[in-house]
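*Asks:* This structure is in structure tokens; I'll ask about it shortly.
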Number of protein chains: 2
Amino acid sequence: MTAPLFDRVALIGIGLIGSSLALNVKAGGLARHVAVTTRRRETLEKAEALGLGDSYHLEAAEAVKDADFVILSVPVGVCGAIAREIAPHLRQGAIVSDVGSVKGAVIEQMRPHLPETAEFVPAHPLAGTEHSGPEAGFVELFRNRWCILTPLADTDPAAVAKVRTFWEACGANVETMTAEHHDLVLAIVSHVPHLIAYNIVGTAADLETVTQQEVVKFSASGFRDFTRIAASDPTMWRDVFLTNRDAVLEMLARFSEDLASLQRAIRWGDGDTLFDLFTRTRAIRRGIIEAGQDTAKPNFGREATATPAREPAPGER
Amino acid sequence: MTAPLFDRVALIGIGLIGSSLALNVKAGGLARHVAVTTRRRETLEKAEALGLGDSYHLEAAEAVKDADFVILSVPVGVCGAIAREIAPHLRQGAIVSDVGSVKGAVIEQMRPHLPETAEFVPAHPLAGTEHSGPEAGFVELFRNRWCILTPLADTDPAAVAKVRTFWEACGANVETMTAEHHDLVLAIVSHVPHLIAYNIVGTAADLETVTQQEVVKFSASGFRDFTRIAASDPTMWRDVFLTNRDAVLEMLARFSEDLASLQRAIRWGDGDTLFDLFTRTRAIRRGIIEAGQDTAKPNFGREATATPAREPAPGER
Ligand SMILES: NC(=O)c1ccc[n+]([C@@H]2O[C@H](COP(=O)([O-])OP(=O)(O)OC[C@H]3O[C@@H](n4cnc5c(N)ncnc54)[C@H](OP(=O)(O)O)[C@@H]3O)[C@@H](O)[C@H]2O)c1
Ligand SMILES: NC(=O)c1ccc[n+]([C@@H]2O[C@H](COP(=O)([O-])OP(=O)(O)OC[C@H]3O[C@@H](n4cnc5c(N)ncnc54)[C@H](OP(=O)(O)O)[C@@H]3O)[C@@H](O)[C@H]2O)c1
């Protein structure tokens, strides 16, 4: 057996992401010791009952003591406060990382607090579910998913390489880019989609002409896919929108502009504009399936009991 | 064995919906004879190769001759033309139905052509996948899904009851409402969700700051669920928006108004407004899961196998 990658890993925050990391550290033997810390005693006790770590702490300062790898898995909005709290207790040369869905703001908030002797390697695993808490974690969460690292200009490349190895050991494919570009990419592939999903579910709930009961009953016609997204954690998503404001507003403006033009096409009966767009968007779906980012099964295979009249031909997947 | 519900069923259009109906008629012994008709020879030959009917016709007039039940499963925009074409050939007392996703416009287009002696029972099964054509059909498509009937004031109740029995035999739960109300309900649970999914996929494709390749690569963060919806059939959806224009524009106006207010909340850092909405929308998701309209598994159980990026094994499809 090779030596573990790290001596002591401190996991700050032990919800869906933190607990999935804990399971990976254990499964891969990635550290000699896992110190778990979280805000509430109740969550810490759940983590302990699940056996997620080797030691459990209500004080983050205690958990990071002697740790050579510290990962924050908490809402983006509290990263700064936690960085300030742990900074004086960090061991020389410790690598500090996070999993926040926004990178620019996390860097802005954390960096001023961290000592020169620590190496800061911001990270964002593009993996999650709509469930939260330590019981929601599972070891395969990161498998075959992307993890984006956004190292700073002055981050030690050896620290970046170590974090990359860590995420690869969790099964992720690692990509590196600037925090600014990360925030733009995520705004369009994740943040704005979540916002419009939340928005349409809200709109539907507030109608007078169609009851909420009808919306629920007939949701399978498209709407229910949006409700899954709109069931994501409110705290996490509030923080995402507040901290990735500029990129989200930029993408949202484009979305609204495009929607206004579709609205106009509908109003004036311009079927060609609609047809052209609806044809173009199919190509993107094909790209996603070819890239292995989704299943080609109808309805994501949700109706797995259903047996299509024939097997799809390879070209159709 | 009881007698079949119908003597001769004429299926006009044999794509996803038509072929799924054919499989149900056969499986349930719902008719003595199934006459299949479609516009293109190529599609008709596919239907014949799949053994979907008892006779195959390129002329709709021929298929409906002597039929006591005629179902149109074609794009909404062509229902009127087909009604005109078949009207002179309909047998006395024949029940005419359709499966169109919009009901007001279908009635407006078809009704003037149909003879007094025919009974018109418009229907809409809320079941479908993003795939098209006769090979896409499967017998379980309608099982446990809703089918909405929108009979006219002068439709014979006995004909409505027979169509209800037919859909129940296909496994559907049947609901009756006015065409006008149907179009409002569908605008919010289906049509506007599809429109915004098409729209955001289009927006993403046109960005300069984020490449299409990046969008595809990182799509799993939320965006890919929209791409599945935005891969639906362009002809069908063009017709839906053109024919359910008023209800779609009404719901879209509400959606845009609500989105503008979220945009404002983000711009001004009003986290409470965001948090409140994101909390409210969770309740609707819970309602949908409790109503049995969706699975509670994270990601629709898509990652149940934990290896999303590989090809599904044959048995899994
Ligand atoms: N879920 C996803 O889909 C996903 C995907 C990629 C990245 N992320 C990022 O990962 C972060 C954590 O997500 P998660 O899904 O693991 O969340 P989660 O399951 O809700 O867990 C959140 C953790 O953060 C702690 N926490 C919450 N509020 C806090 C506060 N004000 N001060 C200190 N600690 C606090 C919680 O502690 P207590 O329970 O003790 O209160 C818990 O340990 C997210 O905010 C997001 O930026 C999430
Ligand atoms: N798919 C869904 O999710 C869904 C759900 C509920 C209701 N619906 C309704 O059902 C209708 C049919 O949907 P589908 O999914 O079965 O479509 P599909 O698989 O694309 O099949 C369409 C059928 O209509 C025929 N057709 C197309 N254009 C025509 C035209 N201009 N003139 C005459 N026939 C034409 C096609 O004939 P050829 O192949 O011979 O050209 C084919 O037989 C939709 O338009 C929609 O209103 C669909």
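*Asks:* Just how many % of Cα pairs in the stretch B:131-191 lie over 13 Å apart, if you round to the nearest whole percent? All intermediate terms of the calculation are to be shown ahead of the outcome.
*Replies:* Numbers: 1255 of 1830 pairs.
Cα-Cα pairs in the stretch B:131-191 separated by more than 13 Å: 69 percent.
*Asks:* As a test of the definition: which semi-axes, in Å, follow for the stretch A:7-177 when you take the square root of five times each eigenvalue of its alpha carbon gyration tensor? Largest first, please.
*Replies:* On the way: eigenvalues 87, 70, 45 Å².
In descending order the semi-axes read 21, 19, 15 Å.
*Asks:* Binning every alpha carbon pair distance of the stretch A:1-82 at 10 Å from zero, what are the percents per bin?
*Replies:* 20, 56, 22, 2
*Asks:* Considering only the label points, 7 Å along Cα→Cβ from Cα, what distances in nm to one decimal separate A:Glu85 from the same position in each other copy, shortest first?
*Replies:* 7.1
*Asks:* Distance check, please: which entries in A:Lys217/B:Lys103; B:Lys65/B:Lys103; B:Lys26/B:Lys162; A:Lys297/B:Lys65; A:Lys103/A:Lys297 exceed 27 angstrom between their Cα atoms? Can you show the working numbers first?
*Replies:* Numbers: A:Lys217/B:Lys103 19 Å; B:Lys65/B:Lys103 25 Å; B:Lys26/B:Lys162 17 Å; A:Lys297/B:Lys65 38 Å; A:Lys103/A:Lys297 34 Å.
Flagged as over cut-off: A:Lys297/B:Lys65; A:Lys103/A:Lys297.
*Asks:* Below 9 angstrom from the Cβ of B:Ala247, what's the summed charge of the other residues (Lys, Arg +1; Asp, Glu -1)? List each step's numbers first, then the result.
*Replies:* On the way: positive: B:Arg245; negative: B:Glu180, B:Asp183, B:Asp246, B:Glu250.
In short, -3.
*Asks:* Here's a follow-up. Could you pull the Cα extents of the stretch B:115-216 along its three principal axes, largest to smallest, in whole Å?
*Replies:* Ordered largest first, the stretch B:115-216 gives principal extents of 60, 30, 25 Å.
*Asks:* Please report the Cα spread of the protein assembly as shown along all three principal axes, rounded to whole Å, starting with the longest.
*Replies:* Each principal axis gives a Cα extent; for the protein assembly as shown these are 91, 51, 41 Å.
*Asks:* How high is the relative contact order of the stretch B:181-295? Use alpha-carbon pairs under 8 Å, at least six apart in sequence, and give a whole percent.
*Replies:* Working: 47 pairs, mean separation 32.3, N = 115.
That works out to 28 percent.
*Asks:* Rounded to the nearest Å, what's the spacing between the alpha carbon centres of the stretch A:1-60 and the stretch A:179-202? Just the number, please.
*Replies:* Cα centres, the stretch A:1-60 to the stretch A:179-202: 30 Å.
*Asks:* Just want to confirm a number: the relative contact order over chain A, from Cα pairs under 8 angstrom separated by 6+ residues, in percent. Intermediate results must be reported in sequence, preceding the final value.
*Replies:* Details: 488 pairs, mean separation 45.2, N = 317.
Computed over chain A, the figure is 14 percent.
*Asks:* Would you order B:Trp146, B:Trp237 from fewest to most other beta-carbon atoms within 10 Å of each residue's own beta-carbon? Provide the component values of the computation, followed by the final result.
*Replies:* Details: B:Trp146 19, B:Trp237 23.
Ranked by crowding around the Cβ, least crowded first: B:Trp146, B:Trp237.
*Asks:* Among B:Ile289, B:Ile196, B:Ile12, determine the one that fluctuates most according to a GNM of chain B built with springs between C-alpha atoms less than 10 Å apart.
*Replies:* With Cα springs under 10 Å in chain B, the top fluctuation among B:Ile289, B:Ile196, B:Ile12 is at B:Ile289.
*Asks:* Between A:Gly269 and the same site in the other copies, what are the distances in nm, shortest first, taking label points 7 Å from Cα along the C-beta direction?
*Replies:* Nearest first, the other copies' label points are 5.1 nm away.
*Asks:* Here is a follow-up. Over the Cα atoms of chain B, what is the Rg over Rh ratio if Rh follows Kirkwood?
*Replies:* On the way: Rg = 21.7 Å, Rh = 21.6 Å.
Ratio of gyration radius to Kirkwood radius for chain B: 1.01.
*Asks:* Normalised by the number of residues in the stretch A:38-165, what is the relative contact order in percent for Cα pairs under 8 Å and 6+ residues apart?
*Replies:* After rounding, I find 21 percent.
*Asks:* Is the C-alpha gyration tensor of the stretch B:181-295 telling us rounded, prolate or oblate? Criteria: a/c under 1.5 is rounded; beyond that, a/b larger than b/c is prolate, otherwise oblate. Please report the intermediate quantities before stating the final value.
*Replies:* Values: a/c = 1.34, a/b = 1.02, b/c = 1.31.
Since a/c stays below 1.5, the shape of the stretch B:181-295 is classed as rounded.
*Asks:* Taking N as the number of residues in the stretch A:97-160, what is its alpha-carbon radius of gyration divided by 2.2 N^0.38 Å? Walk me through the numbers on the way to the answer.
*Replies:* Values: Rg = 13.6 Å, N = 64, 2.2 N^0.38 = 10.7 Å.
Ratio of Rg to 2.2 N^0.38 Å for the stretch A:97-160: 1.27.
*Asks:* When the Cα centres of the stretch A:205-257 and the stretch B:118-135 are compared, how far apart do they sit, in Å?
*Replies:* 28 Å
*Asks:* Output, in nm with one decimal and in ascending order, the distances from the A:Thr165 label point to the matching label points of the other copies (7 Å from Cα along Cα-to-Cβ).
*Replies:* 7.4
Each value in this text was obtained by applying a stated rule to the coordinates, not by laboratory testing. On a predicted model such as this, the values are computed, not experimentally measured, just so you know. Counting neighbours? That spans all protein chains shown, and the Cβs are built from the backbone with ideal geometry, glycine included.
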